[in-house]
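Step one of this worksheet: look at the structure below.
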Amino acid sequence: MIDELFLMYKLVNDEWSKAVSELFQLLSTSLRNRFAMLIALDEDSFVYDSNVLVVVDKVDDEVRDKVAEAVIEVNSHHDCTISYYLTSKDDVNTIRVFSSVKEKKKEDCEDAFKEFKEKVKSIARDVIKAEIYDSNVLVVVDKVDDEVRDKVAEAVIEVNSHHDCTISYYLLSSEEYEKIRGTIKGSK
């Protein structure tokens, strides 16, 4: 089953990613070839009250102790909490459940973005997936005013109310957007 999985990951320089990376390194070192994989969900996503799945060749007392020690050490170094679930590589169902959480969330985020874009298309010049400040969507409009702010906010509230993915937007006038684009192009 492990060979059949296509696992995707992203490396982000944030506390959660640092904790997951450190845990991976500790488990690789302490368990060596007994460590098969680690599936980390988003920090706030859970399966069986866990946000990380640790997969090993066989679960026994030695493995349990080493995994627990590694998680305690990592949690003591970071401002986030890894809550792990330990299983063997033969536990195909649990591996599938943890793997499908990422797939479903990614699909839901795509659906949320499409729905949001459709809801604001009458007022937006462009809606772009982008990581800007604490936002994941950039909305470019002719002019930013109270009416536009209200319409965009209403669309976000409605879309976020029925998706597991959260649209967090940044609003720019087309004039501001052109200035930013010009700065980016000029710096290359």
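Among the numbered conditions (1) crowded, with 17+ Cβ neighbours inside 10 Å; (2) modelled with pLDDT under 95; (3) within 19 Å of the chain's Cα centre (by Cα), tell me where residue 94 comes up short.
(3)
Say whether the condition of being surrounded by 17 or more Cβ atoms within 10 Å (Cβ to Cβ) and without any contact (Cβ under 8 Å) to a residue 12 or more places away in the chain is met by at least one residue in the range 70-90.
no
Quick one: is residue 65 at pLDDT below 95, surrounded by fewer than 13 Cβ atoms within 10 Å (Cβ to Cβ) and in a helix (DSSP H, G or I)?
no
Yes/no per residue for (1) in a helix (DSSP H, G or I); (2) surrounded by 13 or more Cβ atoms within 10 Å (Cβ to Cβ):
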site	(1), (2)
111	yes, yes
126	no, yes
129	no, no
139	no, yes
150	yes, no
154	yes, no
160	yes, yes
172	no, yes
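Restricting to the range 27-62, name every residue that is within 24 Å of the chain's Cα centre (by Cα), at pLDDT 95 or above and either over 23 Å from residue 97 (Cβ atoms) or open to solvent by 40 Å² or more (accessible area, probe 1.4 Å) (or both).
Correct list: 28, 36.
The values are calculated or read from the model by the stated rules, or taken from the named source; none is laboratory data. Only a predicted model underlies this, so the values are computations on that prediction, with no experimental measurement involved. Virtual Cβ from ideal backbone geometry, glycine too; neighbours counted across all protein chains shown. Each accessible area value is taken on the protein alone, full model and side chains, heavy atoms only, with ligands, DNA and RNA left out. Shrake-Rupley method; radii C 1.70, N 1.55, O 1.52, S 1.80 Å.
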